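Each remark here refers to the structure printed beneath this line.
Only the coordinates and a few stated rules stand behind these numbers; no lab work does. The model shown is predicted, which means the values in this text are computed figures rather than measured ones. So basically every Cβ, Gly included, is an ideal-geometry build from the backbone, and we count neighbours across all protein chains shown.
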Amino acid sequence: MQVKLASKRGFCFGVEDAIELAEHTVRENPGRVVALGPVIHNRQVVERLEQAGLNQSADLDTVPEGTTVLIRSHGAGPETFAQAAQRGVPLVDATCVLVKRAQTVVQQLHQEGYQVVMIGDAEHPEVKGVIGYAPNVIVVDREEDLDAVLPKRGKLGIVAQTTHAPEHVAEMIGAIARRPFRELRVVNTLCLEVIRRQEAAVALCKEVDVMFVLGGLHSANTRELARLCEQEGVATYHLETWEQFKPEMVKGRKVAGITAGASTPDFIINDFAEKLQAFDAEE
Ligand code: SF4
């Protein structure tokens, strides 16, 4: 069948840097490197890194002595760095520079007297890390929760999870602005890499009758891509690899579009595109 690829898709610079740093660290310290959680939200890439010798732990406490600890692209809270320093655990920091910036911004906003608000998913590792850089950061992601979590007055400093869609963030800021805060300071922490992938995916939706969004099922930016494509009214499937493809997904369709989240490697995209191209939807 005919297959079209989104003009911007797959790996971003933050993920590329994190993988390169992970590979380098493992080469330098064979068998003695542990990542605190998956380096990126892509199972296939994480498995490859594990095969290269990168172990994984959810907790710094359980890391054996003499091990180098890798901080993943989503970053970590300051308590992790403090704990590592206290125990003398060597750290290699693969936090994306844009996540680092969000961490610094949160710290500065607090120092300047703002009540910091982060628009994001409270369960996402990036958000969990960023909010550690100031006390009592409020995390909110739905308009209906605002009254319950925001103070009644004062001045707010607002940031957002890097991978959120600008439209959603704008709606949330609009809803906050309708409340009687004397000052709102919004610092744009959104990632342009993500926005470009979202724009390219939405543009491609206009040319195809089915969209495949490739990437980890836990990847926030991949899920957001799938949500945006669905919103465009195109049949959309969020898959990790070709293994999850089913012929009925393309039944009666002529042109398929492919996009991929910022943590999806080229080998998965290319494999999927080649197999889909060779697939006879009529049959
Ligand atoms: S998506 Fe953006 S913020 Fe996230 S790792 Fe990539 S460049 Fe960094």
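Counting only pairs 8 or more residues apart or on different chains, how many lysine pairs in the chain have their Cα atoms under 19 Å apart? Total qualifying Lys-Lys pairs in the chain comes to 13.
The loop-placed GluC sites (Glu not before Pro) in region 77-160, going by DSSP, that have at most 12 neighbouring Cβ atoms within 10 Å of their Cβ come out as GLU112, GLU123. Mean separation of Cα pairs under 8 Å and 6 or more residues apart, divided by the residue count, gives the chain a relative contact order of 23 percent. Using C-alpha pairs under 8 Å with a sequence gap of at least 6, the mean separation divided by the residue count of region 184-267 gives a relative contact order of 39 percent. Amide H to amide H, with H built 1.01 Å from N, ASP93 comes under 5 Å of ILE71, counting only residues 5 or more places away or on other chains.
Given 20 °C and 1.002 mPa s, compute D for region 147-198 with the Stokes-Einstein relation, Rh being the Kirkwood radius over Cα pairs; round to the nearest whole µm²/s. In µm²/s, the coefficient rounds to 179. Rg ratio for region 12-126: its Cα radius of gyration over 2.2 N^0.38 Å, N being its residue count, equals 1.11.
Between ALA235 and ILE195, the modelled labels are 3.4 nm apart [label points 7 Å from Cα along Cα→Cβ].
Which loop trypsin sites (Lys or Arg not before Pro) in region 70-117, with loop taken from DSSP, have no more than 13 other Cβ atoms within 10 angstrom of their Cβ? Could the numbers behind the result be given before it?
Working: sites: ARG72, ARG87, LYS100, ARG101; in loops: ARG72.
Here no trypsin sites (Lys or Arg not before Pro) fit, given the DSSP loop and packing criteria.
Working note: Debye formula, equal point scatterers on the alpha-carbon atoms of the chain, no solvent; log10 I(q)/I(0) at q = 0.11, 0.12 Å⁻¹ is -0.71, -0.82.
Put a dot 7 Å past the Cα of GLN244, heading toward its Cβ, do the same for LYS206, and the two dots end up 2.8 nm apart.
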